[in-house]
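Have a look at the structure below, then the notes.
The values are calculated or read from the model by the stated rules, or taken from the named source; none is laboratory data. In this text, all values refer to a predicted model and were calculated from it rather than measured experimentally. Methodologically, a virtual Cβ is constructed for each residue, glycine included, from the backbone with ideal geometry; neighbour enumeration extends over all protein chains shown.
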Amino acid sequence: MTSSSSSSSNMTSSQEPELPPTASPSGDRSTSFLAAEAQSSLDWGSDWIDTTISSIQIMEIQQTIDRRFCSRSLQCGSGNYNYYIPVNKYTPTNVKFSLEINTTEPLIVFQCTFTLGNVCFQSQGEARGVQSHQEVSQEMTQGYQHIWNLPVAPLFDSSYHFRVAAPDLADCSTDPYFAGIFFTDYFFYFYRHCA
């Protein structure tokens with residue numbers, strides 16, 4: 001795979017697409033009695049671990065994913081981050097994107113779910129029988145640098161849910177109420193216009 005010298009040449013600006021089915025809840029969260037009890041009994045001293053990401057980039061094109069890509073309609077902070085990332089319609093469909101996630105602490109990054117949307121085809125005849133599907137995953141990486149190869153380019157749309165957590169404190173099944181306490185959730189929505 002080759003890197004592009006211009007990080008903006010592979011990204012397009014566009015309006016945010018309609019929300020995929022894996023969207024995170026924004027705003028209102030009902031607090032269970034057990035979750036509220038656990039939060040109030042925690043020792044918030046110096047043992048707190050920062051589970052936010054220090055930097056995110058697509059390695060092949062050296063595109064930094066930052067607040068410019070934050071969703072305008074969903075939460076982007078306080079334990080939940082939602083990013084909409086456009087893919088240039090001229091990006092070859094056989095290119096895989098490597099999403100590099102860096103943390104300041106040795107953390108675990110779980111890939112909780114992903115949804116692979118519609119495939120971009122050269123002709124309408126090729127598109128028969130292709131449907132979007134969602135899968136649950138428990139893949140994970142551990143350390144300071146986390147690299148995920150994502151099949152983004154051949155798809156009209158795709159989404160990925162990653163959960164960043166301290167070891168032994170959370171996984172994909174942990175109650176979402178604890179976002180921002182034991183883990184931070186990241187949702188990446190990739191979309192493109194097929195050429």
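Filtering the stretch 55-87 to residues that are crowded, with 17+ Cβ neighbours inside 10 Å and among the aliphatic types (A, V, I, L, M) leaves I56, I58, I61, I65, L74, I85, V87.
Residue-wise test of (1) surrounded by fewer than 21 Cβ atoms within 10 Å (Cβ to Cβ); (2) modelled with pLDDT under 95.
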site: V136; (1), (2): yes, yes
site: T141; (1), (2): yes, no
site: T184; (1), (2): no, no
site: F187; (1), (2): no, no
site: H193; (1), (2): yes, yes
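Taking only the stretch 162-179 into account, find how many residues are more than 17 Å from P106 (Cα to Cα) and part of a loop (DSSP other than H, G, I, E, B). Walk me through how you get there before you give the answer.
Residues of the stretch 162-179 more than 17 Å from P106 (Cα to Cα): 172-179.
Of the ones still in play, those that are also part of a loop (DSSP other than H, G, I, E, B) are 172-175.
Count: 4.
Quick check on the stretch 15-25. Is at least one of its residues among the β-branched types (V, I, T), at pLDDT 85 or above and within 13 Å of the chain's Cα centre (by Cα)?
Checked against the condition, which is being among the β-branched types (V, I, T), at pLDDT 85 or above and within 13 Å of the chain's Cα centre (by Cα), the stretch 15-25 yields no hits at all.
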